[in-house]
Amino acid sequence: DDGVMFTQIQVPQFCTYTGAELVGSSAIGALDEKPDAHKVTLKCAPELAWEIHRDLIDREFDMSYMSLQNPQGRPEWGASSAFMRPGDSFLKGLDIPIVPMLINCMVEPTPAGGRCLDFGTALGEILQAQPQNFAVLAVGGLSHDPNCPRAGWVDERLDTFVMDRVIRRGQPQRMGEMFDL
């Protein structure tokens with residue numbers, strides 16, 4: 001979440017959305033696009049969301065959940081365009097339900113890199129144990145700095161290094177260490 005769904009009232013470290021649909025905007029505020037002109041509704045899989053959520057708790061993750069969408073940061077946007085834009089792009093015209101999961105990456109204290117790696121590993125194991133196939137869409141960035149002085153700048157060397165270690169070489173442990181500052 002980038003301050004759209006959550007505010008200082010509640011900022012969960014890891015959150016599963018368990019509702020039937022997720023509504024938001026794919027508009028880009030920096031381009032002065034209006035959220036109402038780009039509304040998106042994505043179908044969700046609540047039963048699967050609860051199953052994943054419970055399994056993560058069993059694996060000792062302090063999970064929060066949200067069954068009703070009640071965006072506090074910028075209510076007119078619904079869910080963040082950081083997720084809704086790629087979600088809409090990849091899922092347009094398809095009848096595929098999703099399980100939205102949010103990780104706090106904006107409000108200190110944020111989960112350490114190693115904890116996020118553990119979370120992703122556990123989530124991968126949970127999904128591999130399911131009888132159906134899955135695709136994982138992770139949004140955000142490795143080197144982007146939203147709403148900050150370096151916004152828009154991409155550290156290509158960092159991104160290439162990460163993709164090489166994680167995707168090509170299968171060494172995600174290095175990433176956990178890198179982001180534990």
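The values are calculated or read from the model by the stated rules, or taken from the named source; none is laboratory data. As the structure is a computational prediction, the values presented were derived from the model and not from experiment. Quick reminder, even Gly has a Cβ in these numbers, built from the backbone with ideal geometry, and neighbours come from all protein chains shown. Quick note on the areas: whole protein, heavy atoms, side chains included, nothing else; ligands and nucleic acids left out. Shrake-Rupley method; radii C 1.70, N 1.55, O 1.52, S 1.80 Å.
Report note on the peptides 157-165, 12-20, 100-108: ranked by the mean count of other C-beta atoms within 10 Å, highest first, their order is 12-20, 100-108, 157-165. Would you please classify the overall shape of the range 58-107 from the alpha carbon gyration tensor, given that a ≥ b ≥ c denote the square roots of the eigenvalues, rounded means a/c under 1.5, and beyond that prolate means a/b larger than b/c while oblate covers the rest? The shape class here is oblate.
Once the Cβ-Cβ distance of Glu47 and Val154 is raised to the sixth power relative to R0 = 30 Å, the FRET efficiency obtained is 0.20. Taking all protein chains into account, the per residue accessible area for the range 49-112 stands at 60 Å² (1.4 Å probe).
Segment Asp62..Arg165, full-extension length gain: 34.3 nm, with 0.36 nm per residue of separation and the alpha-carbon distance subtracted.
Amide H to amide H distances under 5 Å link Ala79 with Val23, Gly24, Ser25, where only residues 5 or more positions off or on other chains count and H is placed in the peptide plane. Among beta bridges identified by DSSP and lying wholly in the range 16-112, the antiparallel ones come to about 60 percent. In this structure, the amide hydrogen of Phe6, modeled 1.01 Å from its nitrogen in the peptide plane, lies closer than 5 angstrom to those of Gln72, Gly73, counting only residues at least 5 positions away or on a different chain. A full extension of the chain between Ala112 and Asn133 corresponds to an added length of 4.7 nm, given 0.36 nm per residue minus the alpha carbon distance.
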